Each structure stands twice: as C-alpha cells, then as structure tokens.
Amino acid sequence: MLCCLNFLKESSGVMTAVQQRYDVQKVREDFPILSERINGKPLVYLDNANTTQKPLQVIDAISNYYKHMNSNIHRATHVLGERATLAYEGTRGKVRDFLNASSTQEIVFVRNATEGVNLVANTFGKQNIHEGDEILISEMEHHANIVPWQMLCDRVGARLVIIPIDDTGDLILDNLDKLINTRTKLVGIVQMSNVLGTINPVEEIIRIAHSKGVPVLVDAAQSAYHMPIDVQRMDCDFLVFSGHKLYGPTGSGVLYGKKELLEKMDPWQGGGDMILSVSFEKTVYNDIPYRFEAGTPNIAGGVGLGAAIDYITNIGMENIAQHESDLMSYGTEVLQDIDGLRMIGTSRHKASVFSFVLDDVHPHDIGTMLDSDGIAIRTGQHCAHPLLARCGVPATARASIACYNTREEIDALAASIRRVQEFFS
Amino acid sequence: MNDELRELYQEVILDHNKRPQNFGHLSNSNREADGHNPLCGDHISVSLLLENDKIQDLKFEGQGCAISKASASMMTSAVKGKSVSEAEKIFANFQAMVTSDHEPSEDEAELMGKLTVFAGVRDYPSRVKCASLAWHTLQAALNSADKPVTTE
C-alpha cells in the first residue's frame with residue numbers, strides 16, 4: 001500500500017482519478033449520525049480510533065435481524081433458528097474472506113480485540129508459556145496487548161520483554177534477532193499504533209520470529225479498518241480485531257488463529273455450544289472454532305459485523321486507504337503549520353492518527369474546547385500508559401480519521417485549535 | 001464560544017492555571033499524598049503541615065489540565081489556616097456544587113468563597129474529576145493514606 005501512496009503523491013493526475021472514484025459525500029450519506037449537530041455546530045467526528053460510526057447498512061441489518069430472525073443459533077429446529085444461524089455463520093465466511101483466512105474454522109467470534117488476546121493468553125499461553133519463558137511485545141502496545149500477558153507472566157513466572165521505539169515512533173528492530181531467543185514463546189505486536197499511527201513491519205517481524213520457531217499474535221484493532229489484511233501472506237499465527245472500529249457494532253470481535261494451533265488449544269470458557277457431549281463424568285468438547293464460543297453469543301452483533309464487512313468491501317478497502325492517505329497528508333501539512341503544536345508520532349509509515357500536544361494547553365482542555373465547536377477528538381493516555389511515558393508527555397490530544405472524513409473537517413479542526421491557543425494565551 | 005464554556009473557564013480559573021499559588025513541595029510537611037486520574041494522566045501531590053488539628057501550611061505540585069491545576073491552587077488558599085473539619089466541610093460543599101444542581105446556601109457560599117467559580121463544572125460531567133482531584137488528594141493527605149488516590 002505504501003508504494004501506492006507514494007505514487008499518488010507524485011502524480012496529481014492519479015489523485016484526481018481516485019477522488020472521482022471515491023465520493024466522500026456519498027459515503028457520508030450512509031452515516032446518519034454525521035448529520036447531528038453538537039452544541040449548535042455540525043458534528044465533526046474525529047475520534048475514529050476510539051470507535052467508528054455505523055452506516056445505515058449496519059444499523060438496518062441489526063434491526064432486520066431482530067424484526068425477522070431473532071432466535072438462538074445452532075440448536076433451534078424452526079425457521080427463525082435457521083435464519084439466525086445462517087446469518088451469524090454467514091458472517092464467519094465474510095470474515096474469512098475479509099482476512100483471506102484459509103477456513104472458517106480459523107475464525108473465532110469474541111467480544112472485541114481485547115477478549116481475543118485474553119483468550120490466547122488463557123489457552124495457548126497457559127499451555128505453552130512457563131516459568132523462565134519470555135513474551136516479547138513492543139513499547140507501543142495498547143493495554144489490551146500488555147495486561148493479559150502481564151497477568152499470565154505473574155501467574156506462571158514468565159517475563160515480558162519489550163521492543164523499544166525511537167523518537168519518531170518507529171520500532172527499533174536492530175536487536176530483534178537477540179530479543180527473540182530460546183526463551184521466547186510468543187511475540188505480540190500491534191500492526192498500527194492507536195496513539196502514534198505508526199504502521200509496523202509485521203511481516204518482517206513474523207518472518208524473523210518464525211525463523212526461530214516463535215508464533216506471533218498481531219493486534220489489528222487499528223489496522224483492520226484502514227488497510228487490507230491478508231493473514232496468509234502475513235503468516236501471522238493469531239490476529240485480533242474489534243467490530244466496533246470497523247463500522248460494526250460494539251461487542252463483536254474476531255480472533256483469527258491458524259487451524260493447527262487452535263486445534264491444540266484447550267477451551268477457554270465452558271458452557272453450552274462449546275461441547276459435543278456432557279455427562280457428570282466427562283465432557284467432550286466441540287470442534288474449532290465453536291470450542292472457544294461458550295454460551296449464546298452476540299448474534300445481532302455478529303450479523304451487524306457481517307453487514308459492516310460487506311459495506312467496506314463494497315466501497316473497497318484500497319479506496320478507503322487512498323482517501324485516508326490523502327487526508328493524512330493534508331492534515332499533517334495543515335496541523336504542522338500551527339505554531340506551538342507538536343505532533344507525537346512522526347513515522348514515515350503512518351496512517352490516520354494525529355496525536356499532538358500544544359504548548360501551555362493541556363489536552364483535556366483542548367478536548368473540551370473543541371467539543372464546544374462540535375469537534376469530537378480523544379484526549380488522555382489512550383490506554384497506552386507505557387508509550388506515553390516513553391514519549392515524555394502526560395497526555396495527548398488525538399484526532400483520528402475514517403472513510404467519511406473530509407478536508408473541510410481537517411480545516412475546522414485546525415481553526416478550532418487556533419482558537420484554543422488564542423483563548424489560553 | 002458558548003456561554004457554558006465561558007462559565008467553565010472563568011478568568012479567575014485561567015489566572016490560577018497560569019500562575020498557580022502555593023505550587024511546589026512543602027519542606028516542613030508532616031502529611032503528604034499523591035493523586036492521579038488515570039483517564040487523562042493528571043497527577044497532583046499535596047504536602048501539608050498539620051498541627052493542633054489545623055492546616056498550618058500546604059503546597060501542591062504536579063501536572064494537569066487548567067481545571068485541575070486551578071482547583072488545586074485555589075484549594076490551597078481556601079484551606080490554609082483551617083481546621084480539618086472546616087476543610088472537610090468546604091470539600092463537601094464543593095463536591096455538592098460540582099456534582100449536582102444543589103445551589104449553595106448563603107452560608108455555604110461564604111464558606112467556599114472564590115471556589116464558587118467552579119460551579120460551571122457541573123455542566124461538564126467529564127471534568128468533575130479534574131476539579132475534585134486535588135480535594136481527594138488533600139483528604140488522603142489528611143488521613144495520611146500511604147497509597148496514591150485515584151479519581152476512579
């Protein structure tokens with residue numbers, strides 16, 4: 001994708017062609033919430049790294065599910081049960097295609113990316129990581145890819161080892177060869193940082209880890225809605241993402257795992273649907289992926305996730321990535337033009353996130369002031385305390401873009417930031 | 001800028017944010033506590049000298065937004081020289097003012113003095129924690145809590 005972006009920057013003719021193909025106003029019409037007025041101003045939603053808004057297609061799919069299909073799945077012998085099962089399992093197929101996984105057996109439904117990581121830590125981790133072993137993660141991880149491993153380490157006596165980052169927000173991979181050693185039992189790495197926007201070279205990391213026989217879990221919570229993902233080409237062993245960042249409903253998420261790994265993993269939670277037979281003496285567990293899905297799941301959420309994947313697929317992930325890349329270049333230019341604004345995260349391989357601090361104005365105050373202009377951003381530590389400590393800032397303001405944002409909205413952001421500076425000067 | 005925002009960021013709050021009073025660490029303190037708000041990264045520590053049930057002197061340090069810094073600054077002025085029970089009463093009134101529609105009575109307003117400028121915070125539920133962080137930290141210091149307090 002990156003070379004494609006460079007090409008775009010160099011050739012304005014191609015850029016025009018892309019813009020013609022990608023009609024952002026038409027995309028915006030799909031998102032009813034974008035017509036909201038906040039504090040008397042049109043909503044400018046730039047908190048997408050937190051969660052994205054939902055298109056009508058997703059809202060309607062959920063509504064349609066409850067109106068015409070609502071039933072429990074995998075067990076009912078009536079028409080509604082069949083409809084619900086077909087719709088829910090249909091999403092599994094859509095996710096398989098979306099990730100280019102080789103089988104639906106590799107797609108486990110979870111509540112969110114966080115639950116995906118916890119599932120792996122509590123099954124694969126518990127079985128394979130022991131006293132004296134090491135888990136390698138990076139300095140830019142979200143708490144979701146730190147705390148589950150830390151809890152596991154505390155329980156079994158293993159150790160967390162950290163890949164450091166440089167001042168621009170890139171991983172320092174010079175010593176990766178040494179960081180991954182005979183004690184390393186798993187690498188957990190974020191594909192795209194929720195604070196810095198840095199896109200990590202996960203394929204290279206996976207290649208090196210695999211050369212030493214170490215499996216890799218990729219946290220794709222941020223990347224999944226910004227770039228095409230191909231788990232077979234990436235060759236990751238596990239990958240997690242959340243539906244709610246992918247224009248889908250909250251409470252829907254996916255753990256992808258290679259079939260041969262999932263098959264060796266113990267179940268996580270016990271209950272209905274994850275079994276083949278139960279007696280008081282012995283329970284025989286269900287096959288993958290159902291073995292990891294105890295109890296009635298978020299069926300409507302799963303159906304909504306399917307609609308979200310259809311929506312993205314119809315627009316085209318490449319088109320979304322190109323639109324966002326254009327906004328990224330524009331936003332970087334406009335924001336860097338503001339005196340007293342310092343961007344946190346300046347990697348050359350970066351997407352969709354502007355984290356920044358202002359001289360003499362705390363991010364929390366920036367957030368409240370921008371909100372009065374109808375502009376929604378996130379302020380604070382972004383569930384990444386160690387990373388903020390590394391960057392030497394107590395908090396940042398973060399504007400993050402998605403498929404429906406426009407240049408005009410970036411202009412509104414910049415104008416509002418200047419007003420904040422004026423107010424606090 | 002709307003009226004609510006002006007109400008939140010009153011001049012006196014902006015002044016205290018820029019030029020906080022009693023900023024630093026009290027060298028002869030006998031009570032201290034740290035407070036932090038994990039959501040936004042605000043961190044404040046309060047050091048004070050408690051003698052004969054009276055807050056003889058106190059200072060605060062740390063980093064935070066304009067609301068939390070101004071609140072800490074104005075708190076130090078409000079409770080300096082006060083007894084523990086007076087300070088707790090001011091905090092209770094302050095807390096009621098920023099978290100509910102309760103209009104302070106004349107007596108309460110008099111006790112709070114300039115602190116009534118924080119009344120605008122009640123329209124910003126996400127900022128209540130900013131305004132009360134210093135107070136929670138003061139309370140922890142008075143109780144000699146040895147663990148850092150959080151607003152969570």
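The values are calculated or read from the model by the stated rules, or taken from the named source; none is laboratory data. Please read all numbers here as calculations on a predicted model, not as lab measurements. Note: ideal-geometry Cβ built from the backbone for every residue, glycine included; neighbour counts use all protein chains shown.
Observations
- Residue identified as away from chain A (no Cβ under 14 Å), within 13 Å of the chain's Cα centre (by Cα) and of a type in the set (Gly, Ala, Ser) among B:Ala72, B:Ala92: B:Ala92
- Taking first residues from segment A:95-109 that are at positive phi and partners that are in a helix (DSSP H, G or I) and of a type in the set (S, T, N, Q), the Cβ contacts under 9 Å between residues at least 6 apart in sequence or on separate chains come to A:Asn100/A:Gln232.
- Segment A:379-425, residues that are part of a strand (DSSP E or B), facing chain B (nearest Cβ under 10 Å) and surrounded by 22 or more Cβ atoms within 10 Å (Cβ to Cβ): A:Thr379, A:Thr396
- Residue within segment A:327-344 that is crowded, with 22+ Cβ neighbours inside 10 Å, of a type in the set (Gly, Ala, Ser) and assigned to a helix (DSSP H, G or I) present: yes
- Residue match in segment A:23-39 (condition: in the same structural domain as A:Thr396 (by TED's automatic domain parsing), more than 26 Å from the chain's Cα centre (by Cα) and either part of a helix (DSSP H, G or I) or surrounded by 15 or more Cβ atoms within 10 Å (Cβ to Cβ) (or both)): yes
- Residue within segment A:93-100 that is in contact with a Phe, Trp or Tyr (Cβ under 6 Å, 6 or more places away or on another chain), closer than 30 Å to A:Pro267 by Cβ and at pLDDT 95 or above present: yes
- Being touching a strand residue (DSSP E or B) at 6+ places or on another chain (Cβ under 7 Å), of a type in the set (Ser, Thr, Tyr) and within 28 Å of A:Asp373 (Cβ to Cβ) holds for only one residue in B:Ser83, B:Ser68, B:Ser47, B:Ser29, and it is B:Ser68.
- The set of residues in segment A:178-214 that are touching an Asp or Glu at 6+ places or on another chain (Cβ under 6 Å), more than 22 Å from A:His385 (Cβ to Cβ) and not in a loop (DSSP other than H, G, I, E, B) comprises A:Thr184, A:Lys185, A:Ile206.
- Scanning segment B:19-54 for residues that are basic (Lys, Arg), within 14 Å of chain A (Cβ to nearest Cβ) and surrounded by 14 or more Cβ atoms within 10 Å (Cβ to Cβ) yields a count of 0.
- Odd one out for B:His102, checked against (1) assigned to a helix (DSSP H, G or I); (2) at negative phi; (3) away from chain A (no Cβ under 14 Å): (1)
- Residue match in segment B:78-96 (condition: modelled with pLDDT under 90, assigned to a helix (DSSP H, G or I) and charged (D, E, K, R)): no
- Candidates in segment A:347-358 are the residues that are farther than 17 Å from A:Ala384 by Cα and more than 13 Å from chain B (Cβ to nearest Cβ); of these, the one that is surrounded by the most Cβ atoms within 10 Å (Cβ to Cβ) is A:Ser352.
- From A:Glu263, A:Glu281, residue being modelled with pLDDT of 95 or more and of a type outside the set (Gly, Ala, Ser): A:Glu263
- In segment A:258-273, the count of residues that are more than 19 Å from A:Met317 (Cβ to Cβ) and assigned to a strand (DSSP E or B) is zero.
- Scanning segment A:101-117 for any residue that is surrounded by fewer than 16 Cβ atoms within 10 Å (Cβ to Cβ), assigned by TED's automatic domain parsing to the domain that holds A:Asn298 and in a loop (DSSP other than H, G, I, E, B) turns up at least one such residue.
- Test result for A:Val361, more than 9 Å from chain B (Cβ to nearest Cβ) and either surrounded by fewer than 24 Cβ atoms within 10 Å (Cβ to Cβ) or farther than 28 Å from B:Glu4 by Cα (or both): no
- Of the residues making up segment A:364-378, just one is away from every other protein chain (no Cβ under 11 Å) and surrounded by fewer than 23 Cβ atoms within 10 Å (Cβ to Cβ), namely A:Ala376.
- The C-beta contact set for segment A:226-255 (first residue within 16 Å of A:Gln57 (Cα to Cα), second residue part of a strand (DSSP E or B) and not basic (Lys, Arg), distance under 7 angstrom, 6+ apart or interchain) comprises A:Gly243/A:Gly253.
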